[in-house]
Amino acid sequence: MNTITIDDPPVVATTADVDPRAAVGARTRVWHLAQIREEAVVGSDCILGRGSYVGPGVVVGDNCKLQNYALVYEPAVLEDGVFVGPAAVFTNDVFPRAVNPDGSLKSADDWHAVGVTVRTGASIGARAVCIAPVTIGRWALVAAGSVVRADVPDYALVVGVPARRIGWVGEAGVPLREEAPGSWVCPESGRRYVEADGVLSPAAIDADVARP
């Protein structure tokens, strides 16, 4: 996280609730009714929309966007550049109950929280539900309304209930076009990718292109 100076502190709405034990990075904007709980860490240049929630100890990287009413429960980890759409939910309890078998109210000591991990650049669509413990791969895209209950590979485009992969996306977020078996290209950026054994990765950069 970047060091905060007097010239670039976070901007926090007066109606937001940021625990004094939380850490919020430079230039991050926390809007109306958003809540950041104790020991949470939010990086620099993030946007937390109205009513969004970041649970205790959650880690949010730099340049992330949590849209209105996104709910990120502990112990989730979001790497840099993650987008979480409106009303998306990250769960943290595999077998949720309010009470123990004897009828007593459950406390923090009566269950083990499990988290969702979202890798760099990935996007979670509006009202999607990510059921912990799952990992969303780098630059993956989870379509709006999907229910994710299994890990999502890097660059995967997943949709539905339960979510299933229907294609690939690049860093631009646009579905890739298959030019030949195992060879994909982004129609927006022109960047090329190769697929092998269900794994997508950027193609090797041509030496002439890489030369400064």
#### Entry: Segment E39-E178, length gained on full extension (0.36 nm per residue, minus Cα span)
45.6 nm
### Task
Kindly write out, for region 165-180 in residue order, the coupling ³J(HN,Hα) from the Karplus curve 6.51 cos²θ - 1.76 cosθ + 1.60 (θ = phi - 60°), rounded to whole Hz, with x marking Gly and Pro.
6, 10, x, 10, 10, x, 4, 6, x, 8, x, 7, 10, 7, 8, 7
### Task
Assuming 1.002 mPa s and 20 °C, estimate D for region 6-73 with Stokes-Einstein, Rh taken as the Kirkwood radius over Cα pairs, in µm²/s.
192
### Query
Starting at 0 and stepping by 10 Å, how many percent of the alpha carbon pairs of the chain end up in each bin?
9, 31, 30, 20, 8, 2, 0
### Summary
Full extension between A204 and K106 adds, at 0.36 nm per residue less the Cα distance, a length in nm of 30.0 nm
## Note on the structure
Long-range amide H partners of V12, meaning residues 5 or more apart or on another chain whose placed amide H is closer than 5 Å, are V30
### Summary
Mean Cβ-within-10 Å packing, highest first, puts peptides 25-34, 77-86 in the order 77-86, 25-34
### Message
Can you list residues from other chains, or at least 5 along the same chain, whose modelled amide H is less than 5 Å from the amide H of G167?
### Response
L157
### Task
With θ set to phi - 60°, apply the Karplus curve 6.51 cos²θ - 1.76 cosθ + 1.60 along region 19-30 and write out the HN-Hα couplings as whole Hz, x wherever there is a Gly or Pro.
5, x, 8, 7, 10, 10, x, 4, 6, 5, 10, 10
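At a Förster radius of 30 Å, what calculated FRET efficiency corresponds to the Cβ-Cβ distance of D80 and E188, to the nearest 0.05? Could you put the intermediate results ahead of the total?
On the way: r = 21 Å, r/R0 = 0.70.
Efficiency computed from Cβ-Cβ geometry: 0.90.
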### Message
Which one, N63, G115, G103, is farthest towards the positive end of the dipole of the chain when Lys and Arg carry +1 and Asp and Glu -1 on their Cβ?
### Response
G103
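Tell me, in nm to one decimal, what length is gained between D151 and E195 on full extension, where the rule is 0.36 nm per residue of separation less the Cα-Cα distance? Intermediate results must be reported in sequence, preceding the final value.
Details: separation 44, 0.36 × 44 = 15.84 nm, distance 1.77 nm.
14.1 nm is the gain from fully extending D151 to E195.
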### Summary
Scalar couplings 3J(HN,Hα) for region 140-148 by Karplus 6.51 cos²θ - 1.76 cosθ + 1.60 (θ = phi - 60°), nearest whole Hz, x for Gly and Pro, are 5, 9, 9, 5, 4, x, 6, 10, 9
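Just so you know, all these numbers are worked out from the coordinates, no wet-lab data involved. From a predicted model like this one, the values you see are computed outputs, not experimental measurements. Virtual Cβ from ideal backbone geometry, glycine too; neighbours counted across all protein chains shown.
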